[in-house]
Amino acid sequence: VQLQASGGGLVQAGGSLRLSCVASGRTLSSYVMGWFRQAPGKEREFVAAIRGSDGSPRYADRMKGRFTISRDNAKNTVYLQMNSLKPEDTAVYYCAARSEKFILATSAGNYDLWGQGTQVTVSS
């Protein structure tokens, strides 16, 4: 399975972006999918995850109410809708897949496959 993330860019504070992560090689319906981000000089941080079986999401507390994770299994794609963006949201955003159907893990070490990352820059 290969993951390809896209949709990043430069946006002003308060704006929105939608990230996409397309998987090739295997269906995503059996995986928990996650989004993480990493700012310069900081550790990789959990953003959100979604279960393949029923679409149940989990969010980091700081993203609740602003970010929405969703998936389209028919398109083998996971999305991250980001609203009310803040300068502190600036980071490289990565999608990841976990070979497990149910547990919405928040640690990067629990994910087996990673996309290449897409840069999100929020200007003040």
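Since every read-out is calculated from the coordinates, none of them should be taken as a lab result. Small disclaimer: the values here were computed from a predicted structure and weren't measured. Ideal geometry is used to build each Cβ from the backbone, glycine not excepted, and the neighbour counts take in all protein chains shown.
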Response to the item:
Total charge of the residues flanking Ser84 in space, meaning their Cβ is under 14 Å from its Cβ, with Lys and Arg +1 and Asp and Glu -1, is +3
Worksheet item: For the chain, modelled as a Gaussian network with Cα springs under 10 Å, which listed residue fluctuates most, Gly109, Gly55, Gly14?
Response: Gly109
Practice prompt. For Lys101, list the aspartates and glutamates whose Cα falls under 17 Å from its own Cα; do not include residues on the same chain fewer than 8 positions away.
Written response: Asp54, Asp72, Asp112
Worksheet item: About its Cα centre, what dipole magnitude does the stretch 18-124 give when the only charges are +1 on Lys and Arg Cβ and -1 on Asp and Glu Cβ, stated in debye to the nearest 20?
Response: 140 debye
Worksheet item: So what is the diffusion coefficient of the stretch 40-109 in µm² per second by Stokes-Einstein at 20 °C and 1.002 mPa s, using a Kirkwood Rh over Cα pairs?
Response: 164 µm²/s
Practice prompt. Among Ser70, Val122, Tyr59, flag the residue with its Cα farthest along the positive direction of the charge dipole of the chain, charges on Cβ as +1 for Lys/Arg and -1 for Asp/Glu.
Written response: Ser70
Worksheet item: Dividing the convex hull volume of the Cα atoms of the chain by its residue count, what figure in Å³ per residue is obtained?
Response: 87 Å³
Worksheet item: Quick one: if the Förster radius is 25 Å, what FRET efficiency do Gln12 and Ala60 give, using the C-beta to C-beta distance and rounding to 0.05?
Response: 0.65
Practice prompt. Once you've got the GNM for the chain with C-alpha springs shorter than 10 Å, pick whichever of Ala60, Ala108, Ala91 has the biggest mean-square fluctuation.
Written response: Ala60
Discussion item. Can you tell me, using C-alpha contacts under 8 Å and at least 6 residues apart, the relative contact order of the stretch 29-124 as a whole percent?
Written reply: 33 percent
Worksheet item: Counting Lys +1, Arg +1, Asp -1, Glu -1, what net charge surrounds Met63 among other residues with beta carbon under 15 Å of its beta carbon?
Response: +4
Worksheet item: Along the positive direction of the dipole of the chain (beta-carbon charges: Lys, Arg +1; Asp, Glu -1; about the Cα centre), which of Gln12, Ser99, Ser29 reaches farthest?
Response: Ser29
Worksheet item: Given labels modelled 7 Å from the Cα in the Cβ direction, how far is it in nm from Asn73 to Val1?
Response: 1.2 nm
Worksheet item: What whole number of Å gives the distance from the Cα centroid of the stretch 95-121 to the Cα centroid of the stretch 13-91?
Response: 9 Å
Item to complete: Using a cut-off of 12 Å between beta-carbons, work out the net charge of the residues near Asn73 (Lys and Arg +1, Asp and Glu -1, Asn73 not included).
Response: +2
